[in-house]
Amino acid sequence: MKKWLSITLGIVTATGGFLDAGTIATAGESGAKFGLGLVWAVLVSTIAVVLLVEMIGRFTALSKKTYAEAIRENLGFRFYLFPLISEIIAESIMLAAELGGIAIALSLITGISWHIMFPIAAILVFVMAWRAPFDWIENAPALLGLLTLSFVVAVVALGGPSRQLLSTLWLPHVQQGDVADYLYLAAATLGATISPYLLYFYSSGAREENWSGKSLLLNIVTAVAGMGFGSLGSLALVFLGAIVLLPLHIQATTLGELGLVLAKPFGPVGALIFALTLFATCFGAALEVVLAVSYNIAQGFGWEWGENKKPVEAARFNLVIVLFLLIAVAIGLIGIDPLQLALLGSTVIALFLPISLWPFLILMNDSQYLGEKTNGRLANIAIICILVIAFVVAIVSIPLEILSGGG
Amino acid sequence: MPREKDDIFSIRDIIDSQLVTSDGRRIGRVADIEVEWRDDGSLVLTSLVIGPQALVRRTARPIAMIARFLLRNRFEHTIPISDVTQFGPTLQLRRAAADYDVGQADRWIARYILRWIPGSGY
Amino acid sequence: MMQRSRKKYAPAVLLLLLLTGCQITQSAFARTANNAGAAFAAASTTLTYAHTGKLINAYAQSSFENYQSELSGLDQQLPVQSGAPSKQSLQQLLTLSKPAMQAIQHPCLTATCDWQAQVKALNAASAAFLKAGGS
C-alpha cells in the first residue's frame with residue numbers, strides 16, 4: 001500500500017515538474033501562432049525527457065551518486081566546470097522567469113502589480129527552500145499542480161479542435177515570413193522541456209529519498225507516467241491556444257493572455273484556476289531550479305548538502321541557495337516581462353544542452369557505477385539521437401532568436 | 001563499488017573523489033596528491049591535498065599565482081594517505097569530522113552569516 | 001587548432017546567410033505591427049470578457065498593466081523601423097492607434113464608462129495593424 005502511495009506521489013511530482021514558466025510560455029505561443037503545428041516538438045521533447053529521467057534515476061539508485069557528483073568524479077574537475085557554468089548562467093535567467101511567473105499569478109489574482117509581487121514570490125520560495133523538508137518540497141506544489149488537468153477538461157468543454165485545425169498537426173501552416181518564428185519556438189520548446197535542472201534535481205531527490213536497487217520500478221513508473229501526464233497539460237495548452245487564441249489573432253505574448261483560454265469555457269473561475277495553476281507550477285519549478293543549482297555546486301565541490309538537514313548543518317549549500325535567489329531577484333528587477341524571460345531562459349538552456357547531456361553517454365555505460373544495469377544498445381542509440389537533436393538546437397537557437405526578435 | 005586494500009587502482013579512484021569522515025560527514029573533494037620518491041626507487045603516495053589553490057594549480061596553472069596571492073594558503077589542507085580506509089569515488093576516512101581542519105568553512109559560514117537568517121537552526 | 005574551429009563555424013554561418021536570404025523572417029516594422037495588432041486583440045478580448053462576466057476585475061486590471069508595458073512607445077517606434085510603408089499609410093495607422101492606446105492606458109472596467117467604444121477602437125486598431133504586418 002505504502003509503495004503505491006509513493007508511486008502516485010512520484011507521478012504527481014513529475015507532472016508538476018514538467019510544466020513551468022518555460023513550457024507554459026512555449027506551449028501557449030505555439031498554439032496561438034501555429035495551431036497544432038508544433039505538437040511534434042512537444043512529443044519529441046517528452047520522449048527525450050522520459051528517457052533521460054529514467055536513466056539518471058536508475059544511475060543514482062544503483063550507484064548512490066548524483067549526476068553532478070558523477071560528472072566530477074568520472075570526467076574530472078575541468079570538464080565539470082562546463083556544465084556547471086552553463087547551468088549557473090541558464091538557470092539564473094530561468095529562476096528569474098519562474099519567480100516572475102509566480103508574481104504574475106499573484107497579480108492576476110489580486111490585481112496588484114507583478115513588480116510588487118516579485119519580491120514576495122522570492123521570499124515564498126526562499127522560506128520553502130530554507131526550512132521545508134524534502135517531502136514537502138516534492139509534494140506540496142505538485143498537488144496544486146494537479147490543477148493542470150483543468151486544461152484537458154477545457155479542451156473537451158470547448159468541443160476539441162476543428163478538422164481544419166487538426167490538419168495542422170502534420171501540415172503546419174507557416175507563412176514565409178514566419179519560418180524563423182516557427183523554428184525558434186521549436187528550439188525553445190525542446191530547451192524548455194529537456195531542462196537539465198530537472199535531471200540534477202531528480203537525481204538529488206533520489207538520494208534524498210535513499211533510492212536503491214529496489215527503487216528501479218518506481219523510477220520507471222515515475223518517469224513514464226509522471227512526464228507523460230505532465231506533457232498532457234502542455235499539449236492541452238497548445239490545443240487551447242489553437243482553439244481559443246488563434247482565431248482571435250492573439251499571440252499569447254503575456255502570461256495573462258493565456259488565462260483567457262480557460263476564461264472562455266469556465267468564466268471567472270477558469271481564469272482563477274489558470275492563475276493558481278501558474279502559481280503552483282512556477283513555484284514548484286522555482287524550488288527545483290534553485291535547489292538544482294545548489295545541489296550541483298555543493299555536490300561538485302564535495303560539501304555537505306541536503307534539504308532534510310538544518311541550514312547550519314549544510315552551511316555552504318544553503319548559502320548558495322540564498323545567493324542564487326538574490327541573483328535571480330536582481331535579474332527580475334530589470335523588469336523584463338516574465339514570459340519573454342522564460343523564452344530567453346529556454347533558449348539559453350537549448351544553447352548549452354549538448355554540454356549538459358554529454359556525460360550521459362559515458363556514465364550510463366560505466367559498470368563501476370551501474371553493475372549489470374548499464375545501457376543496452378537501444379538506450380545508447382536513444383542518447384545519441386537526443387544528443388544530435390541537442391547539437392542542432394544549440395547551433396540554431398541563438399541565430400533564430402535574433403532573427404525572430406525573441407518570439 | 002569501493003575498492004579493497006590490495007586492489008590496483010588508478011588515479012581516478014583518488015583525484016576528485018568525495019571525502020567522508022567516520023561519522024558520515026562530507027568534508028570536501030581531493031584536489032591533488034603528494035607523492036614521495038623513496039630510496040628503494042618506489043614512488044609512494046603520501047598524502048591527499050584539498051583546497052582551492054591546489055585545484056587551481058592542477059586545472060588552471062596560469063592563474064595559480066593569482067590564487068596564491070588572494071587566498072594566501074589559508075584554505076589548503078593535507079590528509080595523510082594512512083587515514084583512508086576505503087578507496088573509490090568516495091574515500092572513507094578514519095577519523096571524525098571534528099578531527100580534520102577541512103570542512104570548517106561550513107562552521108564559519110554558519111556562525112558569521114547564516115545565524116542572522118531566522119530558522120537557520122544555529 | 002584555430003583553423004579547425006573556424007571551419008567548424010562556417011557551415012552554421014552559411015546556413016544563417018542562406019536562411020536570411022530566403023526571407024524567413026519579417027521586417028522589423030512588420031514584426032512590431034503584428035505584435036501590436038495581437039496585443040490590441042488581446043486587450044479587446046480581455047475587456048469584453050471583463051464586462052460579460054468571464055473575468056474578475058483584478059485579473060483584467062493586471063492584464064492591462066502588462067499590455068501597457070508591451071505597447072509603450074509604439075507611436076515612437078513605428079515610424080523609424082525598417083520596412084515602414086508610405087507616410088500616408090503610416091499616418092493612418094497612428095491615427096487609429098490613438099484611441100486604442102487611450103483604451104490601453106485607461107481601460108474602462110466599471111459600468112459607468114463606455115467600454116463598448118473602447119472595444120470598437122481596439123478592434124479597429126488590431127485589424128489595421130495586423131494587416132500592415134502582413135497577417
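Please treat every number below as a calculation from the coordinates, not as lab data. Small disclaimer: the values here were computed from a predicted structure and weren't measured. Heads up, the Cβs are rebuilt from the backbone with ideal geometry, glycines too, and the neighbour counts pull from every protein chain shown.
Just a few scattered comments:
- Charges were assigned to the Cβ only: +1 to each Lys and Arg, -1 to each Asp and Glu. The resulting dipole of the protein assembly as shown about its Cα centre is roughly 480 debye.
- For the stretch A:234-242, backbone phi angles converted through the Karplus equation (6.51, -1.76, 1.60; θ = phi - 60°) give residue-by-residue couplings of 5, 4, 4, 5, 4, 4, 4, x, 5 Hz, Gly and Pro being listed as x.
- Fewest-first ranking of A:163, B:74, A:207, using other Cβ atoms within 10 Å as the exposure measure: A:163, B:74, A:207
- Using the Cβ-Cβ distance between residue A:309 and residue B:101 with R0 set to 30 Å, the FRET efficiency works out to roughly 0.90.
- Angle of helix A:134-145 to the longest C-alpha principal axis of chain A, folded into 0 to 90 degrees and rounded to 10: 10°.
- Charge-dipole axis of chain A as Lys and Arg at +1 and Asp and Glu at -1 on Cβ define it, positive-most pick from A:254, A:32, A:144: A:144
- Estimated vicinal HN-Hα couplings, Hz - the stretch A:395-400 in sequence order (Karplus 6.51, -1.76, 1.60; Gly, Pro = x): 5, 8, 5, 5, x, 5
- Under 5 Å between amide hydrogens, built in the peptide plane, is the criterion, and for residue A:112 it picks out nothing among residues at least 5 positions away or on other chains.
- Residues B:109, A:56 arranged by fewest to most Cβ contacts within 10 Å: B:109, A:56
- Semi-axis lengths, Å, chain B, gyration tensor of Cα atoms, sqrt of 5 times eigenvalues: 28, 21, 12
- In this structure the amide hydrogen of residue B:91, modeled in the peptide plane, comes within under 5 Å of the amide hydrogens of B:18, B:19, B:20, none closer than 5 places in sequence on its chain.
- An ellipsoid equivalent to the protein assembly as shown, defined through the eigenvalues of its Cα gyration tensor, has semi-axes of 49, 26, 24 Å when rounded to whole angstrom and sorted largest first.
- As a proxy for reagent exposure, C:62, A:212 were ordered by neighbouring Cβ count within 10 angstrom, fewest first; the result is A:212, C:62.
- The H on the amide N of residue B:47, modeled in the peptide plane, is under 5 Å from the matching H of B:34, B:81, each at least 5 residues off or on a different chain.
- Take each residue in B:100-113, count the other chain C-beta atoms within 10 Å of its C-beta, and the mean is 3.
- Table column - 3J(HN,Hα) (Hz), the stretch A:157-172, Karplus curve with 6.51, -1.76, 1.60, x for Gly and Pro: 4, 8, x, x, x, 6, 4, 4, 5, 4, 5, 6, 4, 10, 10, x
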